[in-house]
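Written out below as structure tokens is the structure these notes cover.
The values are calculated or read from the model by the stated rules, or taken from the named source; none is laboratory data. Remember, it's a predicted structure, so these values are computed and weren't measured experimentally. We place every Cβ from the backbone using ideal geometry, glycine too, and count neighbours over all the protein chains shown. Heads up: the accessible areas ignore ligands, DNA and RNA and are worked out on the full protein's heavy atoms, side chains in. Shrake-Rupley method; radii C 1.70, N 1.55, O 1.52, S 1.80 Å.
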Amino acid sequence: MDILITGLLLGGTYALIAMGLNLQYGVARIMNLANGEMLVAGGFAAFWMYTAGQISPFLTIFLLAPLTFVLNWLIYRIMLQPLVKRAKSRGQLETDSILATFGLSFVMVGLMLSVFGGDYFNYSYLARPIVIVGDTFALNRVAAFLAAVVICGALYLWLNHSRAGLSIRAIAVAPDSARLVGINVTHLAALAFGLGGAVTAVGGALLSTYLTLDASTGVIFTLKALIIVIMGGVGDVRGTIIAALLLGIVETLVASLLDPGLTLAAAYTLFILILLFRPQGLCGKKPT
Amino acid sequence: MTGTDIRNLILSAIALGICALLPLSGSGYWLSIGVTIAMFTVLATSWALFSGPTHYISLATAAFFGVGTYVTGLGFETLPFWSLIGIAGVIGAVLAALVGLATLRLSGVYFVIFTLGLAELVRQVITWFQNKSGQKGLYVLTDISEAGIYWMLLSLATAVFLTGWLIGRSRLGFALRIIGDDETVAVHSGINSALSKVLLFMVPGSVAAMTGAILAPRYVYIEPSLAFAPMLSFQVVIMALLGGAGRLWGPLVGVIPFTLLWESISSNFPQQTTLLLGVAFLIIVYALPRGFVGLLDDLRHRTRARMAEGVA
């Protein structure tokens, strides 16, 4: 029970990060491998605001979200749109965007290393015990989970019950047909990319309240987010959430029963099982 | 075999002979750079054998390389060194086949993601085993000299170039070029695309493991975080793409300048290597999408066009 709840709490934040990546990959069609670095940058921002100005991470995210939205929107417009225009096929865009975002991720790691150094950073915020169904948990984990639930829920409602959300889902399903029915794909793809980046950075700020991060851990989170997106099915919000919770639980199981150093191996086992048995994702439909 | 083939073979043999003389120069510094260049030549060329025609970016080099170093580390006391290289090659090929079977049937993205974490995965598993058995790292103390390593790498490079040349002339190579151009066409003309890709992926897997096995004595002490350093995979990708992955000799053109640049930067500004790697990736994507080789081809076309104009 203890493991189950800890896993769920972790999975909630994972869901947020994977949602960010899913918006970028499912809608903007950019396999953003700098996603984890955006997360770490969000974590850094929260850390810095808290240690320098005693500002709660839960307030920082209100500043962080618009800032990273603009930043990611600019990244898409300046760096990635030329690639989208240049690409002759989906495969070429994938290769190009993988290389470009890899470059971006290394540049970001390099910059963060020179600004903050290579040390681990963490801070103590809301590190009080709280009792849920007989077991004790850290309050910061619970608070981060609740914040993630609120943001995920808002995103879900927005995607499913607004006109912009409908257009975005249309692009995720059929980018070429979306253009035919008068959806401004370029504009919305940039929007989705920016939004995805902002969601990821907020997820990073929430994670930093209870996890220790350093400048070069980003790639691990990129990997986990990618695995979640593939497990849940590309462009599928519900699947992403289920997959994220599943990964959170499995990781916590492995960490507490076997060895904390094997979390990535756990994620990979799930990944392989999905690839072998349900390559279209947990909730995805079989391609016709 | 045509006349140009024979001429190229003779030229390559002469170049190889000159390279083989490097250890006789007596300079330890240049020999050590020579070993690094030879290592990346082997890795980048074998990488491009797979990723050139298929356009799939493999980031698994570090995983295979690390497995190779561990084969040497665990076996050098009981088995002769040459057999370890063979064993590493076989293990690398089997590992590559498993990875390929799991991912290459599906789209290329799954393959990239899978290889991205493969080194980290193997590292975690080995660390876990070591924690269980209570040992930390391995000492590899052999009497193999730096020059010996250099010559072994040079022979491996020769083998890789020959393999690449033979694949290019074989049915497999032809099939792969079609797959790279248009996979749908390839499947419709009766090519088993997944099988061809898996077979080809076994080449860089095996070669990278053998390279690791050869280089293990150079490290003297190996531990998971050293043997599976993910940076290696990225360096190989950069070098191969910088040179141009479309030609057999393309990666070589990227390996030599990048190694020299890397050496000078990592000795002068050790903090900035990650930044350099990032900038190199961006330059390749935006300025050199086909590498130096593409640049050369463009130049040649232009001069040829100008000469044709001059004649007319």
With angles folded into 0 to 90 degrees, how steeply does helix B:28-54 sit against the dominant principal axis of chain B? Use alpha carbons for both and round to 10. 60
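Please give the total accessible area that chains B and A bury against each other, computed with a 1.4 Å probe and expressed in Å² to the nearest 100.
Numbers: alone 16180 and 13510 Å², together 26440 Å².
Using a 1.4 Å probe, the pair buries roughly 3300 Å².
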Please name which of A:Gly204, A:Phe193, A:Asn32 has its Cα lying farthest along the dipole of the stretch A:2-277 towards the positive end, using unit charges on Cβ (Lys, Arg +1; Asp, Glu -1) and the Cα centre as origin. A:Phe193
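I'm checking a number: the convex hull volume of the Cα atoms of the stretch B:139-227, normalised per residue, in Å³. What is it?
Details: hull volume 9.5 nm³, N = 89.
Dividing the Cα hull volume of the stretch B:139-227 by its residue count gives 107 Å³.
Sort B:His188, A:His187 by accessible area with a 1.4 Å probe, largest first. Walk me through the numbers on the way to the answer.
Details: B:His188 155, A:His187 90 Å².
Ranked list, largest accessible area first: B:His188, A:His187.
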Once each part is reduced to its C-alpha centroid, what is the distance from the stretch B:159-196 to the stretch A:218-252 in angstrom? 34
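Treating only the Cβ of Lys, Arg, Asp and Glu as charged (+1, +1, -1, -1), what charge dipole size does the protein assembly as shown show about its Cα centre? Round to the nearest 20 debye.
Numbers: 32 positive and 24 negative charges, 317 e Å.
Here the size comes out at about 1520 debye.
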For A:Leu180 the rounded accessible area (nearest 10 Å², probe 1.4 Å, non-protein molecules ignored) is 150
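Given a 1.4 Å probe and heavy atoms of the protein chains only, how would you sort B:Trp47, B:Trp151, A:Trp48, largest accessible area at the top?
Values: B:Trp47 10, B:Trp151 110, A:Trp48 140 Å².
Order by accessible area, largest first: A:Trp48, B:Trp151, B:Trp47.
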Over all Cα pairs of the stretch A:169-213, the Kirkwood radius sets Rh, and Rg/Rh then becomes 1.25
If you line up the Cα atoms of the stretch A:98-195 on their principal axes, what length do they span on each, largest first, in Å? 54, 42, 16
Euclidean distance of C-alpha centroids, the stretch A:1-37 and the stretch B:1-65, integer Å: 41
Rg/Rh for the protein assembly as shown, where both radii come from Cα atoms and Rh is the Kirkwood radius: 0.98
Rounded accessible area of A:Leu80 (nearest 10 Å², 1.4 Å probe): 0
Heavy-atom accessible surface, probe 1.4 Å, ligands and DNA/RNA ignored: which residues of the stretch B:82-112 lose at least 10 Å² versus the isolated chain? B:Ala102, B:Arg105, B:Leu106, B:Val109, B:Tyr110, B:Val112
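Averaged per residue, what accessible area in Å² does chain B show with a 1.4 Å probe, protein chains only?
Working: 14520 Å² over 312 residues.
So chain B comes to 47 Å² accessible per residue, rounded to a whole number.
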Could you pull the accessible area for B:Tyr56 with a 1.4 Å probe, rounded to 10 Å²? 30
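Over the stretch B:1-47, what per residue volume does the convex hull of the Cα atoms give, in whole Å³? Let's see the in-between values first.
On the way: hull volume 3.2 nm³, N = 47.
So the per-residue hull volume is 68 Å³.
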Relative contact order of chain B, pairs being alpha-carbon contacts under 8 Å that are 6 or more residues apart, as %: 31
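Return a whole-number percent for the relative contact order of the stretch B:12-163, with Cα pairs under 8 Å and 6 or more residues apart as the contact set. It would help to have the intermediate numbers written out before the result.
On the way: 91 pairs, mean separation 59.7, N = 152.
With pairs under 8 Å counted, the relative contact order is 39 percent.
Return the Rg/Rh value of the stretch B:3-230, two decimal places, where both radii are evaluated on C-alpha atoms and Rh is the Kirkwood radius.
Values: Rg = 18.6 Å, Rh = 18.6 Å.
Here Rg/Rh amounts to 1.00.
Within the P(r) computed for the stretch A:50-90, what percentage of the Cα pairs occupies the region above 13 Å? Please report the intermediate quantities before stating the final value.
Values: 537 of 820 pairs.
For the stretch A:50-90, the share of Cα pairs beyond 13 Å comes to 65 percent.
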Length-normalised contact order for chain A - Cα pairs under 8 Å, 6+ apart - percent: 40
Using only the heavy atoms of the protein chains and a 1.4 Å probe, how would B:Thr127, B:Thr45 rank by accessible area, largest first? B:Thr127, B:Thr45
Result: in the protein assembly as shown the number of Lys pairs with C-alpha under 29 Å apart, spaced 8 or more or on different chains, is 11
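In Å², and per residue, what accessible area does the stretch A:2-277 have when probed at 1.4 Å with the other protein chains present? Don't skip to the answer; put the middle values down first.
Details: 10880 Å² over 276 residues.
The answer is 39 Å² per residue.
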Measure nothing fancy, just the Cα-based angle from helix A:263-277's long axis to the longest principal axis of chain A, in degrees from 0 to 90, nearest 10. 40
Percentage of interatomic Cα-Cα distances in chain A larger than 32 Å: 22
Where the accessible area of the stretch A:117-237 is counted over protein heavy atoms with a 1.4 Å probe, how much of it, in %, is carbon and sulfur? 62
How far is the Cα center of the stretch B:214-263 from the Cα center of the stretch B:92-121, in Å? 20
